Amino acid sequence: VTAPRLEIDLGAIGGNARALVDRLAPLGIGVTGVTKATLGSVEVAQELLAAGVSAIGESRIESVEALRRGGIVAPVVLLRSPTPSQADRVVAGAEVSLNTELDVVAALSAAAVTQRRTHAVVLMVELGDLREGILPADLVGIARAVLRLPGTALRGIGANLACQSGTVPDGRNMAELTGLARSVESDLGIHLDVVSGGGSANLGWALGPSPDVGRIDDLRLGEAILLGCDPLRRRPIEGLRTDAITLVAEVIESKVKPSLPWGDTAESAFGPPPTPVDRGHAWRAVVALGRQDVDPDDVVAPEGMAVLGASSDHLVLDAGDRPPAVGAEVRFGLGYSALLRAMTSPFVARTYTSAPPVRGGGSGALPQM
Ligand SMILES: *Cc1c(COP(=O)(O)O)cnc(C)c1O
């Protein structure tokens, strides 16, 4: 097998998804399984669907089309607002999209009429994180305008927090979303099928002590399923596997060298160089991995090793006292930023394994392995 490669344990991903689906179900909250970090991986989408997610979420139409080509027929939600120029492809590929601009919904409406389809629209509301969202005061007016358009159906409302400004999803902003859902319904005399509270960052609220879920009936979960982590504090979520996806790379140099550079030093290829620590002579390993493959600041080196720095194509490790041989493989854990870049790099292969999940107790919890 080639390296670098992502090893994707489908059993672990399915176990994570199932655990979250099972914990949220008693609250009346369904899960949209977000595969966007995988660029539309059919294998991962199938695993999430088998685990009980109600739909697949993707943020780019190209990835939605990859899912369709791979035979995924489940409902797909486009998480990022469609671009008007891609409205035709969005209507053809995705049943639902998240929207904040009437002009975009009008483009979807025109495309839907041409294609004789109905495209479902979820209107995203701004609750303080200042990424996408309609200001609450404008919501009812825009919802009313959407209802007048042919070819589109107003499916619900939603919100996204924590991604731009780090605004924490909590009882207060979730209650505001519930209140907004109720005003849209009562002012317009309609029923909203979906009130989507947010992403993985909402799990602290949803799985916390007695949340008042109000009208929230959907969460769009990506990172928590793939990495087992809560994005707010980057801490493991109890019972989830954090090693479902690992990155394997190959050693191309392994030598004892002085730990301090010599000669005049200035900026390195990527800004100020890391501050070296003098540890005398030490084993250094160079791995065939670089910034074109991964975010080196977001990888976790194996026990006993540490990342010293990285350039485009080289990642330098302090190899500790168990130096790897040239040609040996080194396995890294990944944060979300590292995962995203590795999935997007044309140089990183993927292998899928599907070790059967080891099922834990009644709550669907998985033992740490
Ligand atoms: C990426 C994204 C999600 C999923 O976020 P995670 O933190 O990976 O759970 C949900 N909603 C929207 C709008 C997104 O862009």
### Task
Pairs only if they're at least six apart or on different chains, beta carbon under 7 angstrom, first in the stretch 194-209 and under 10 Å from V168 (Cβ atoms) and of a type in the set (A, V, I, L, M), second assigned to a loop (DSSP other than H, G, I, E, B) and within 12 Å of the ligand (Cβ to nearest atom); list them, first residue then second.
A201/L161; A201/A162; A201/P169; A201/P231; A201/L232
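Yes/no per residue for (1) acidic (D, E); (2) more than 15 Å from the ligand (Cβ to nearest atom); (3) more than 16 Å from D218 (Cβ to Cβ); (4) without any contact (Cβ under 8 Å) to a residue 24 or more places away in the chain:
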residue: D170; (1), (2), (3), (4): yes, yes, yes, no
residue: E176; (1), (2), (3), (4): yes, yes, yes, no
residue: S183; (1), (2), (3), (4): no, yes, yes, no
residue: L192; (1), (2), (3), (4): no, yes, no, no
## Note on the structure
Per the filter on the stretch 153-167, residues among the hydrophobic types (A, V, I, L, M, F, W, C) and open to solvent by less than 60 Å² (accessible area, probe 1.4 Å) are A153, L154, I157, A159, L161, A162
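Every residue, every condition in (1) touching a His at 6+ places or on another chain (Cβ under 7 Å); (2) closer than 13 Å to S81 by Cβ; (3) open to solvent by 40 Å² or more (accessible area, probe 1.4 Å); (4) modelled with pLDDT of 95 or more, yes or no:
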residue	(1), (2), (3), (4)
M124	no, yes, no, yes
L130	no, no, yes, yes
L139	no, no, no, yes
R144	no, no, yes, yes
G151	yes, no, no, yes
### Query
If we scan the stretch 218-229, do we find a residue that is surrounded by fewer than 24 Cβ atoms within 10 Å (Cβ to Cβ), away from the ligand (no atom under 15 Å from the Cβ) and hydrophobic (A, V, I, L, M, F, W, C)?
no
#### Entry: Filtered residues of the stretch 168-207 (kept if open to solvent by 20 Å² or more (accessible area, probe 1.4 Å) and either within 22 Å of R241 (Cβ to Cβ) or within 19 Å of the chain's Cα centre (by Cα) (or both))
V168, G204, W205, L207
### Message
I want to confirm something. Restricting to the stretch 46-61 and keeping residues that are among the charged types (D, E, K, R) and open to solvent by 40 Å² or more (accessible area, probe 1.4 Å), which single residue is farthest from L10 (Cα to Cα)?
### Response
R60
### Message
One residue is enough: does the stretch 245-255 have a residue meeting the conditions within 15 Å of the ligand (Cβ to nearest atom) and buried (at least 17 other Cβ atoms within 10 Å of the Cβ)?
### Response
yes
### Query
Between residues in the stretch 123-151 that are in a loop (DSSP other than H, G, I, E, B) and aliphatic (A, V, I, L, M) and residues that are open to solvent by 40 Å² or more (accessible area, probe 1.4 Å) and within 16 Å of the ligand (Cβ to nearest atom), which pairs lie under 9 Å by C-beta distance while being six or more apart or on different chains?
L130/Q164; L130/S165
### Task
Report, ordered by the first and then the second residue, all pairs with beta carbons closer than 6 Å, sequence separation of six or more or different chains, a first member in the stretch 217-246 that is free of Cβ contacts under 8 Å to residues at least 40 places away in the same chain and more than 17 Å from A19 (Cα to Cα), and a second member that is more than 14 Å from the ligand (Cβ to nearest atom) and among the small types (G, A, S).
none
### Flag for D212 being of a type in the set (D, E), over 30 Å from I8 (Cβ atoms), out of contact with any Leu (no Cβ under 8 Å at 6 or more places or on another chain) and more than 11 Å from the ligand (Cβ to nearest atom)
yes
### Task
Would you check which residues across the stretch 28-45 are open to solvent by 50 Å² or more (accessible area, probe 1.4 Å) and away from the ligand (no atom under 14 Å from the Cβ) and list them?
E43
#### Entry: Only listed residue being more than 16 Å from the ligand (Cβ to nearest atom), free of Cβ contacts under 8 Å to residues at least 60 places away in the same chain, surrounded by 13 or more Cβ atoms within 10 Å (Cβ to Cβ) and among the β-branched types (V, I, T), chosen from V330, V277, V348, V286
V286
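The values are calculated or read from the model by the stated rules, or taken from the named source; none is laboratory data. Bear in mind the structure is a predicted one, so any value in this text is a computation, not a measurement. Using ideal geometry, Cβ is built from the backbone for each residue, glycine included, and neighbour counts are taken over all protein chains shown. Quick note on the areas: whole protein, heavy atoms, side chains included, nothing else; ligands and nucleic acids left out. Shrake-Rupley method; radii C 1.70, N 1.55, O 1.52, S 1.80 Å.
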